[in-house]
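Step one of this worksheet: look at the structure below.
The values are calculated or read from the model by the stated rules, or taken from the named source; none is laboratory data. As the structure is a computational prediction, the values presented were derived from the model and not from experiment. Neighbour counts are summed over all protein chains in view; Cβ atoms, including those assigned to glycine, are modelled from backbone coordinates with ideal geometry. Note: areas computed on protein heavy atoms with side chains; ligands, DNA, RNA excluded. Shrake-Rupley method; radii C 1.70, N 1.55, O 1.52, S 1.80 Å.
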Amino acid sequence: MSVDPVAVEDVSAGLRRVGYLPGESTSLVAFLAARLGKPVLVEGPAGVGKTELAKALASYLDRRLVRLQCYEGLDEAKALYEWNYRKQLLRIQAEAQGTGWDAVQDDIFGEEFLLERPLMTAIASPEPVVLLIDEIDKTDQEFEAMLLELLSDFQISIPELGRIEARTHPVVLLTSNNTRELTEALKRRCLYLWLDYPSTEHELEIVRLHAPELPEKVGERLVEIIAMVRELDLKKPPSIAESIDWARALLLLGADDITPETFRSTLSIIVKHRTDLDTVAERVGVRLGVAAP
Ligand SMILES: Nc1ncnc2c1ncn2[C@@H]1O[C@H](COP(=O)(O)OP(=O)(O)O)[C@@H](O)[C@H]1O
Ligand SMILES: [Mg+2]
């Protein structure tokens with residue numbers, strides 16, 4: 001049922017088919033991940049297509065996507081499994097008076113009382129899945145260490161229940177927005193993909209895909225201006241997500257060019273910090289004004 005790519009080109013074409021336009025190294029690394037079974041660490045600024053890559057890969061490979069969204073303080077109970085205490089309690093109450101502790105214990109530590117969290121779901125799935133561990137840089141190093149063990153053995157030990165080994169091998173993608181340095185140990189176990197802002201040609205292609213009706217000229221101007229804005233020293237440079245939003249907005253407004261006025265009135269779609277707004281209005285606004293016929 002699931003797709004097994006035999007060449008890098010297969011992955012490239014497959015991702016395109018599901019609406020993701022990969023760069024060269026993206027297809028290569030995705031291909032290697034699918035074939036070698038190694039996890040991939042995808043790093044890069046926010047909004048350059050890291051999460052979307054995992055979704056597209058799952059869709060192309062015809063596998064279920066299991067997603068673990070990381071956050072500060074995420075622990076094993078939310079990532080791996082936890083016991084369903086309520087259900088255990090109910091069972092204990094329902095047991096006949098005088099049932100020995102051994103019998104009760106055997107009973108309440110069975111799979112039926114386990115709450116599966118994403119990592120366990122991915123490991124225990126009878127069908128191979130794509131496992132997305134999103135924004136791993138938001139967790140702490142302790143969590144990373146736990147993850148390492150899981151990614152090298154593909155098994156989980158539950159003291160009361162024993163070992164749960166992977167029945168199938170998931171394709172694993174970890175993403176990081178680079179807010180902290182990840183451990184060498186983790187990097188060593190992963191293939192590495194750095195996703196950066198795309199070239200203007202590549203970005204134009206992505207924008208066209210998401211806003212096909214946008215006039216050619218507007219699209220071209222848009223990616224040029226976005227590239228210009230990214231060169232400024234901003235708190236948060238616009239990502240592909242902002243380019244797409246801007247394109248859709250311009251389409252709705254019926255713009256057939258990006259004039260200095262259009263630019264000023266839609267600026268807040270691409271930059272979202274007070275100080276960035278000022279910088280961009282001043283630096284790019286002026287350049288547009290001068291360049292306009
Ligand atoms: N190569 C690409 N092809 C198609 N769409 C893309 C591509 N890269 C990014 N996008 C679009 O950009 C947006 C942001 O991507 P996302 O994966 O959420 O970014 P990240 O996870 O890196 O912060 C999404 O709407 C996605 O559809
Ligand atoms: Mg993301």
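Ignoring ligands, DNA and RNA, what percent of the 1.4 Å accessible area of the chain is carbon and sulfur?
50 percent
Would you mind telling me the antiparallel percentage of the DSSP bridges in the chain, rounded to 5?
30 percent
Could you point to the residue in His273, Ile226, Leu174 farthest towards the positive end of the chain's charge dipole, with +1 and -1 charges on the Cβ of Lys/Arg and Asp/Glu respectively?
Ile226
Only Lys, Arg, Asp and Glu count, each charged at its Cβ (+1, +1, -1, -1), so figure out the dipole size of the chain about its Cα centre, rounded to 20 debye.
In total the dipole reaches around 440 debye.
So what's Rg/Rh here for the chain, counting alpha carbon atoms and using the Kirkwood radius for Rh?
Ratio value, two decimals: 1.10.
Using every Cα-Cα pair within segment 78-199, state what percent have a distance larger than 23 Å.
45 percent
Just in segment 49-139: which chymotrypsin sites (Phe, Trp or Tyr not before Pro) are loop by DSSP and have at most 16 other Cβ atoms within 10 Å?
The qualifying sites are Tyr71, Phe109.
Using only Cα atoms and rounding to the nearest 10 degrees, what angle (0 to 90) does helix 24-36 make with the longest principal axis of the chain?
10 degrees
Along the positive direction of the dipole of the chain (beta-carbon charges: Lys, Arg +1; Asp, Glu -1; about the Cα centre), which of His210, Leu15, Ser157 reaches farthest?
Sorting the options by dipole projection puts first His210.
Once label points are set 7 Å from the Cα along Cα→Cβ at both Lys187 and Val286, what is their separation, rounded to one decimal in nm?
Label-label distance for Lys187 and Val286, simple model: 4.0 nm.
Starting from the Cα-Cα distance between Leu277 and Arg91, subtract it from 0.36 nm times their residue separation and give me the gain in nm to one decimal.
61.0 nm
Over the chain, with the other protein chains present, what is the accessible area per residue in square angstrom, probe 1.4 angstrom?
52 Å²
Could you give the dipole magnitude of segment 94-168 about its Cα centre, charging the beta-carbon of Lys and Arg +1 and that of Asp and Glu -1, in debye to the nearest 20?
That gives segment 94-168 a dipole magnitude of about 160 debye.
With label points built 7 Å along Cα→Cβ from the Cα atoms of Thr99 and Ser2, find their separation and express it in nm.
It works out to 3.8 nm between the two label points.
Which of rounded, prolate or oblate describes segment 195-293 when judged by the alpha-carbon gyration tensor and an a/c cut-off of 1.5?
oblate
Once ligands and nucleic acids are excluded and a 1.4 Å probe is used, how much of Ser199 is accessible, expressed in Å² to the nearest 10?
Surface open to solvent at Ser199 totals about 60 Å².
At 1.4 Å probe size, with no ligands or nucleic acids counted, give the accessible surface of Arg35 in Å², nearest ten.
Arg35 has an accessible surface of roughly 120 Å² with all protein chains in place.
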